[in-house]
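Q: Below is the structure I would like to discuss, written out as structure tokens.
The values are calculated or read from the model by the stated rules, or taken from the named source; none is laboratory data. Treat the numbers as computed from the prediction; the structure is a model and nothing was measured. We place every Cβ from the backbone using ideal geometry, glycine too, and count neighbours over all the protein chains shown.
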Amino acid sequence: MSIVPNETIQVIAESIGINNLSPDVALAVAPDVEYFMRQIMQEAIKCMRHSRRTTLTADDVDAALNLKNVEPIYGFASGGPLRFKRAVGHRDLFYIEDKDVDLNDVIEASLPKAPLDTAITCHWLAIEGVQPAIPENAPVEVISAPADAKKLEQKEDNLPVDIKLPVKHVLSRELQLYFDKVAELTLSESDSVLFKEALVSLATDSGLHPLVPYFTCFIADEVSRGLNNFPLLFALMRVVSSLLQNPHIHIEPYLHQLMPSVVTCLVAKRLGSRLADNHWELRDFTANLVASICKRFGPVYGNLQSRLTKTLLNAFLDPKKAMTQHYGAIQGLGALGPNVVRLLLLPNLETYMRLLEPEMLLEKQKNEMKRHEAWRVYGALLRAAGQCIYDRLKIFPTFPSPPHHTVWKTNAKVLTSARKRKASTEQLEQQPPLKKAAADGESRAVIMNSSPVHKQGEAVIPASSVDDSIIGSSSSAQMKNETTLDVQVRNNRGDTQALNTSAALAQVWKDELNSGRMLVSLFELFGEGILSFIRAPEMYMFL
Amino acid sequence: MEEEKIVGYVTAFLKKKGFTQTEKIFQEEFQHNKSCSSLEADIGNHLLAFSQLETGPARFHDGYSKLRTWTYSSLDLYKHELLRVLYPVFIHCFMDLVAKGHLQEARNFFNTFREDHEMMHLRDLQKLEGVLSPAHLQEMEFAHSLRQSKFNIKICEYSNELLLQHLHSTQSTTILGIINEHINFQVTPGQPSLISDDPEAVTLTGSSQEAANQINQKEIHWGLLEDSLEERLEKSGAFLSDSEKGEGEAKEGENDETKKRSSEGGKQGASAKKVKKDKGGSATGKSAKPEANNIPAAPRVKPELALPVMPTEVEQSILEDLRNRVQLSNVALPSVSFYTFINTHNGLSCSSISHDGSLIAGGFSDSSLKVWDMAQLGQQPASSLLQGENDTSQNEQLLGQGGGKRQYTLFQGHSGPVYAASFSPVGDFILSSSADSTIRLWSTKLNANLVCYKGHNYPVWDVQFSPVGHYFASCSHDRTARIWSMDRIQPLRIMAGHLSDVDCVQWHANCNYIATGSSDKTVRLWDVQSGECVRVFVGHRGMILSLAMSPDGRCMASGDEDGTIMMWDLSSGRCLTPLIGHTSCVWSLGFSSEGSILASGSADCTVKLWDVNSSTKVSRIEEKGGNANRLRSLKTLPTKSTPVYSLRFSRRNLLFAAGALAKSG
């Protein structure tokens, strides 16, 4: 009946030394206990209100007990509200965590700092009803243009012409100084500690909102002017990133001004004038920046991401563009997430690889610089595709694989792969005239040999150092093999799928197969490099 | 033998239903004719059967649920009136069940229908929820008062008839009994009222309704004091502006308007005016006033207390302030200076700002009272030179104790959390009230405790200096408010009448009245001279946390723990408009010096500014047109994460606000 169960009464009775409390007594006492508990809590709430608080603390309960002439309960004093933890395995059992303290630690610990003394600070919450934009005040939502100026204008001359008066924008002296100083640091001393401090300040201070239009203008100007100045560009991008981090700034209205400069730093042909400039790093940084912008403002700005991807894809697909541009585009697309990669990058991968391959080979591309760039691009592609496949495979373990199930799956997998192999041999034997590019018998033999090796022995062969973009003739040779092989496997795949559907395998299988196919094609393109992106259990499943 | 049994039943039945008169008569008649028994036996049997039929605890449940379904399916036009009946019936059904000992059924009944009333009466329900035995009903003040008093419900003629018809037709005598016993219908002729959330529709008063009505019929003189400083300033102003006739005329035009307004105001408080005429002194004072007087509103009244004499230099500085006062209106908003307490470690329980804003006091839960002099903060090094010798020596002592350089003066003496502090008008004294049930008077000049006033028996929640100083009022958990003067350690008056804690107290501008807000959700106005309650203001739904009196003495604002602010008309005792906007406790309220703007500070970390003039005007329209309208909120000033503990308009109309920085998250 009462919210206090009889057992509680009995437990408490035992704790104070009454061992044979009859259940009737507990039943009679329980309502009284609840009544007084409620009464004490009501008094405690009064004490809380008079202490100008909205959270009840143990002190309030003590004060309420005091009011009722009851001795307070000792041992629960705290500066703030108590934090209860839920007991594991119980729905409505809570406890206060009581940590074990090692006495040695207490003795050896240095004396704690004296708590800071209470003090008062003073600021203007409003001046003649208007809140000044200072850090002490909550950030102003929107800076509104004076609306009455326009109305006045119309009243005076009655012309239909809508004259837009220049909006009076008051910028305080302090803010002007702040802006000048930050601009100066960005231009000249981007390595200094001070600049780092400035970036932190840009990322955290409220009250900077009035400066946002000035910063966007400044960034746009300097980027277009200073494409040859690598440190400057990097500093500017850091400023952008800090501004984006600042929770008090509404940067949305200025995004359209910022984006061109940011994208420039991602896909420009040349960033910086000297060879030593590590423009790759800048491109990576900017790619992440772009991705964070898309993540944050994508929902608000409907076409932001579509426009961005279009720009990047155009840069990627244009064979006349420089390798550096391709690199930026790939990094940008890669940072936008695995789905973008899967939808936009992967379908074009094959054609692109055909373009890229000769650039990477020692024999065909003599220019060291160009070759290095090509390998860079290759690395970027590999990473993007790898992340995509990793993400794809992550979705899988939706079945919490009981052992027999897995066995069955792996069996089936082996079956399919065996079938695949069989099919391929059959196909090759049956319709040799259909093969055009890779029709010569020699290479076929190579393929027949290499494919089982690759499919079963990856774990043994150490992953080659493609990632590090060290040019090794062996790996590139392997590469060549694999690309030629790709054409065939594609055909085979068509067959396997036909086989599968005829076997009427479940829908789940198809899905799995899709990714399996994707993995296979990627594997064909990249070799073992891709395998480092796949987690062990999945790898086991797919091999 | 059988007969006696029956008589026992009948008397029991009558007692149960509360028909004491009938019972008496029955007893008398019974004594007279014991002879004719055959008929009575018959009736007795009938009654016996009847009472057996009715005693089951289920009848409350059934009766109430029947009434509830009928009410919810009634016509929309009458529905909101009929819904009002449900709540009183609900709580009395519950209490009847408890009183009869059907605890399990009572709990079930309560939980079944609880949701219907949660929106309007959450707090009452929480209180009642704990009642689990008949003994609790006796013990608990709130339940007791509910049992003793009647609900007043305004209802139109037709709704009343509908209700009675329904009850008779369904023969639910239980519910009928409850309604007869505990509800007092105020039947109004004509159509049901349109406003569905009229706060006065359902009221509950401690004593009977007549008494409350009587209380609110008493006259009060809400006019300002004769010969106040403002008045003197205007006189001198009139002297100055004599040369500029044109301006003076313009002023007169204004005056006409204000006079009109004042006459309107006079009509409102007609009763108040009558008494003025009776009182010869004040009437002559009124007639003697020059025509160019700018003060509208009520006739001047004489102080009922012997007021202290103000030193001339203080008077001069106040006059100077008044001359330099910024005129505020709904287009000219005040500047707000905000004092933030930092590193309070959750210990600040109150704060107070002196009339000129230069001194800030904070009361802490560690029993200390700390006072900051904001004028000194800016110029630390120079300050010691400027201070008097006495001061410096004291300060040095304090510094020696504290070890480091302290920016404030520490007052120690209380032995419990300090719940309120109040500066005297001149700023040379501070009063503080504490959980140790004492009030202490401190001197800011000597930095020392002067007096400890003991009188309350429980924590003193609030203390306020009167507008002229010397007198002060306090209120406490012991349900009383008390008036004190600085020179006596015993209270001068004790105001008793609230049904629960008295949480806040405020002086009227003319010092003849104090207002108190209480946890019983009412605000009362007390006459300082007689100690009588002269007004009861009913309408809040939570405990009252803050009060403010308008400088013209006409209105009062009160804020509660739900964030509702109510503006009251003192003369009529009615709510002008509820001001809704805050989402949490309203800790502090303040009128600007000329009374055009009300500022409110709340636990939701905002200061809100409200337009007072529009609110009073709107209410007048409302009175005529019968249309509900809300007072305009002028501006919301959010702080970063600082609940606003106190507010004060300086005499020059600069708004000071203070609060302790709460750590976010």
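Q: Can you list the helices (runs of 4 or more DSSP H) lying wholly within region A:210-271 that have 3 or more residues being under 24 Å from the mean Cα position of the chain (by Cα), assigned by TED's automatic domain parsing to the domain that holds residue A:329 and among the β-branched types (Val, Ile, Thr)?
A: A:255-267
Q: I'd like to know if region B:593-606 contains one or more residues that are in a strand (DSSP E or B), surrounded by fewer than 24 Cβ atoms within 10 Å (Cβ to Cβ) and either away from chain A (no Cβ under 14 Å) or out of contact with any Pro (no Cβ under 8 Å at 6 or more places or on another chain) (or both).
A: Let us first name the residues in region B:593-606 that are in a strand (DSSP E or B), namely B:597-602, B:606.
Narrowing the set further to residues that are surrounded by fewer than 24 Cβ atoms within 10 Å (Cβ to Cβ) leaves B:606.
Then drop every residue that is not either away from chain A (no Cβ under 14 Å) or out of contact with any Pro (no Cβ under 8 Å at 6 or more places or on another chain) (or both), which leaves none.
No, because not a single residue in region B:593-606 is in a strand (DSSP E or B), surrounded by fewer than 24 Cβ atoms within 10 Å (Cβ to Cβ) and either away from chain A (no Cβ under 14 Å) or out of contact with any Pro (no Cβ under 8 Å at 6 or more places or on another chain) (or both).
Q: Also, I was wondering about something else. Among the residues of region B:325-381, count how many are closer than 20 Å to residue A:124 by Cα, of a type in the set (Lys, Arg) and either buried (at least 21 other Cβ atoms within 10 Å of the Cβ) or facing another protein chain (nearest Cβ under 10 Å) (or both).
A: 0
Q: Can you tell me which of A:161, A:182, A:200 is more than 30 Å from residue A:233 (Cβ to Cβ), hydrophobic (A, V, I, L, M, F, W, C) and either part of a loop (DSSP other than H, G, I, E, B) or modelled with pLDDT of 75 or more (or both)?
A: Numbers: A:182 fails: more than 30 Å from residue A:233 (Cβ to Cβ); A:200 fails: more than 30 Å from residue A:233 (Cβ to Cβ).
It is A:161.
Q: Could I ask something else about it? So residue A:8 passes all but one of these: (1) part of a helix (DSSP H, G or I); (2) surrounded by 18 or more Cβ atoms within 10 Å (Cβ to Cβ). Which condition number does it fail?
A: Answer for residue A:8: the failing condition is (2).
Q: Within region B:422-459, how many residues are within 12 Å of chain A (Cβ to nearest Cβ), within 20 Å of residue B:545 (Cβ to Cβ) and buried (at least 18 other Cβ atoms within 10 Å of the Cβ)? I'd like the intermediate steps shown before the answer.
A: Kept after step one, since they are within 12 Å of chain A (Cβ to nearest Cβ), are these residues of region B:422-459: B:433-437, B:457-459.
From what is left, the residues that are within 20 Å of residue B:545 (Cβ to Cβ) are B:433-435, B:458-459.
This time we only want the ones that are buried (at least 18 other Cβ atoms within 10 Å of the Cβ), so: B:433-435, B:459.
Residues that pass the stated criteria total 4.
Q: Keeping to region A:261-287, report how many residues are surrounded by 14 or more Cβ atoms within 10 Å (Cβ to Cβ) and touching a helix residue (DSSP H, G or I) at 6+ places or on another chain (Cβ under 7 Å).
A: Counting residues in region A:261-287 that are surrounded by 14 or more Cβ atoms within 10 Å (Cβ to Cβ) and touching a helix residue (DSSP H, G or I) at 6+ places or on another chain (Cβ under 7 Å) gives 18.
Q: Can I ask one more? What number of residues in region A:14-39 are of a type in the set (A, V, I, L, M, F, W, C) and surrounded by fewer than 17 Cβ atoms within 10 Å (Cβ to Cβ)?
A: Adding up the residues that qualify gives 8.
Q: Which of the strands (runs of 3 or more DSSP E) contained wholly in region B:514-557 include at least 3 residues that are surrounded by 23 or more Cβ atoms within 10 Å (Cβ to Cβ), touching a His at 6+ places or on another chain (Cβ under 8 Å) and in the same structural domain as residue B:504 (by TED's automatic domain parsing)?
A: Hits in region B:514-557: B:522-527.
Q: Then there is this: Could you list, in sequence order, all residues of region B:471-489 that are part of a loop (DSSP other than H, G, I, E, B) and within 12 Å of residue B:456 (Cβ to Cβ)?
A: B:477, B:478, B:479
Q: Another question, if that's okay. Looking for whichever is acidic (Asp, Glu), in a helix (DSSP H, G or I) and more than 8 Å from chain B (Cβ to nearest Cβ) here; the options are A:60, A:32. Which one fits?
A: Step by step, each of A:60, A:32 is checked, and only A:60 is acidic (Asp, Glu), in a helix (DSSP H, G or I) and more than 8 Å from chain B (Cβ to nearest Cβ).
Q: Moving to a separate point now. So residue A:74 clears everything in (1) part of a loop (DSSP other than H, G, I, E, B); (2) modelled with pLDDT of 85 or more; (3) away from every other protein chain (no Cβ under 14 Å) except one condition, right? Which one?
A: (2)
Q: Residue check, residue B:462 against (1) within 14 Å of another protein chain (Cβ to nearest Cβ); (2) surrounded by fewer than 24 Cβ atoms within 10 Å (Cβ to Cβ); (3) outside any loop (DSSP other than H, G, I, E, B), all met but one. Which one?
A: With (1) within 14 Å of another protein chain (Cβ to nearest Cβ); (2) surrounded by fewer than 24 Cβ atoms within 10 Å (Cβ to Cβ); (3) outside any loop (DSSP other than H, G, I, E, B) applied to residue B:462, the lone miss is (2).
Q: Output the residues belonging to region A:313-352 that are within 20 Å of residue A:292 (Cα to Cα) and among the basic types (Lys, Arg).
A: Residue satisfying the conditions is A:342 alone.
Q: While we're here: Using the structure shown, decide if residue B:315 is more than 14 Å from chain A (Cβ to nearest Cβ) and modelled with pLDDT of 75 or more.
A: So residue B:315 passes the test.
Q: Same structure, new question: If you scan region A:118-149, which residues turn out to be modelled with pLDDT under 85, at the interface with another protein chain (Cβ under 7 Å from one of its Cβ atoms) and in contact with a helix residue (DSSP H, G or I) (Cβ under 8 Å, 6 or more places away or on another chain)?
A: Correct list: empty.
Q: With (1) in contact (Cβ under 8 Å) with a residue 12 or more places away in the chain; (2) in a loop (DSSP other than H, G, I, E, B); (3) more than 22 Å from residue B:222 (Cβ to Cβ) as the list, and residue B:309 as the residue in question, which single condition is left unmet?
A: Just one mismatch for residue B:309, condition (1).
Q: Given the criteria within 14 Å of chain A (Cβ to nearest Cβ), crowded, with 23+ Cβ neighbours inside 10 Å, charged (D, E, K, R) and under 23 Å from residue B:437 (Cβ atoms), does residue B:560 qualify?
A: Here the answer is no, as residue B:560 does not meet what is asked.
Q: A further question on this structure: Within region A:322-338, identify whether any single residue is in the same structural domain as residue A:199 (by TED's automatic domain parsing) and surrounded by fewer than 14 Cβ atoms within 10 Å (Cβ to Cβ), and answer yes or no.
A: Within region A:322-338, not a single residue is in the same structural domain as residue A:199 (by TED's automatic domain parsing) and surrounded by fewer than 14 Cβ atoms within 10 Å (Cβ to Cβ).
Q: Further question on the same structure: What's the number of the only condition in (1) crowded, with 23+ Cβ neighbours inside 10 Å; (2) of a type in the set (Val, Ile, Thr); (3) in a loop (DSSP other than H, G, I, E, B) that residue B:468 fails to meet?
A: In the conditions (1) crowded, with 23+ Cβ neighbours inside 10 Å; (2) of a type in the set (Val, Ile, Thr); (3) in a loop (DSSP other than H, G, I, E, B), residue B:468 misses (1) alone.
One line per residue, one yes/no per condition, for (1) away from chain A (no Cβ under 14 Å); (2) touching a residue at least 12 places away in the same chain (Cβ under 8 Å); (3) at positive phi:
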{"site": "B:134", "(1), (2), (3)": "no, yes, no"}
{"site": "B:138", "(1), (2), (3)": "no, no, no"}
{"site": "B:145", "(1), (2), (3)": "yes, yes, no"}
{"site": "B:171", "(1), (2), (3)": "yes, no, yes"}
{"site": "B:178", "(1), (2), (3)": "yes, yes, no"}
{"site": "B:181", "(1), (2), (3)": "yes, yes, no"}
{"site": "B:189", "(1), (2), (3)": "yes, yes, no"}
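Q: Among what's in region B:647-665 and is outside any loop (DSSP other than H, G, I, E, B) and more than 9 Å from every other protein chain (Cβ to nearest Cβ), pick the residue that is farthest from residue B:351 (Cα to Cα).
A: Ranking the qualifying residues of region B:647-665, first place goes to B:649.
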